[in-house]
Amino acid sequence: MQTANVNPKVVVTVRHEEITDSLRDYAEKKIQGLHLDYPKIIEAKAILDVEGGRRHKAEIILFCANHIVIDASSETEDMYKSIDETIDKIARRMRKHKTRLMKRHRPKPDGTIKYFDERSYKADFLDNLPEEVIEEPEPLYVHKEQFRLRKLFKEEAIMELDLTERPFVVFDNARRGVTSIVWRKGNGDYGMVDVS
């Protein structure tokens, strides 16, 4: 069992403010103090941002072995408190990830998969359209990211979703051979749709 990560490379970046040695040392010690027995941290990036002098945001991204990326962010009125909250989020996500991996290898009792009837709401939706159509404002283009589409199983996609703050994960479904999207529902369950 790995009790500490062996000096991972930590890059601390501060935006909109000068970085102090104490702040840099604090962020590095907190990241190096993460005692994860799985996975091994290869590199870590801490992005500390001060917006308007009052909002202090800390974002930490861990690049780990087995192509696992863990990211979390917090925003408070104090940078040290933001770093602490972000480290706590990462530790919780890693415990959850490890528990899910351990449960995956246990035998499952019969009847654990839920099956729901397939329904079509298209006809009901077309019947209930309002007479006058209200024009919606033009959406703004806010942020663009590029991701490599990875071949994953559904369970791996759910674990990846739990490790990040992203609302959904798009992946090539290794079991079914189609592109799928997994997202987190409001009640804690997960939804999945196949794109054909």
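Which count do you get for residues in region 175-185 that are small (Gly, Ala, Ser) and surrounded by 14 or more Cβ atoms within 10 Å (Cβ to Cβ)?
Here is the first cut: in region 175-185, the residues small (Gly, Ala, Ser) are 177, 180.
Okay, now just the ones that are also surrounded by 14 or more Cβ atoms within 10 Å (Cβ to Cβ), so 180.
Count: 1.
Within region 44-78, being acidic (Asp, Glu), farther than 17 Å from ARG93 by Cα and surrounded by 18 or more Cβ atoms within 10 Å (Cβ to Cβ) holds for one residue alone: ASP49.
Of all residues in region 163-185, how many are acidic (Asp, Glu) and in contact (Cβ under 8 Å) with a residue 60 or more places away in the chain? Can you show your working first?
Filtering region 163-185 for residues acidic (Asp, Glu) gives 165, 172.
Next, only the ones that are in contact (Cβ under 8 Å) with a residue 60 or more places away in the chain stay: 165.
Final tally of qualifying residues: 1.
We did not get these values from a lab; they are worked out from the coordinates using the rules stated. Source: prediction; values computed, not measured. When we count neighbours, we look across all protein chains shown, and the Cβ atoms used for this are built from the backbone with ideal geometry, even at glycine.
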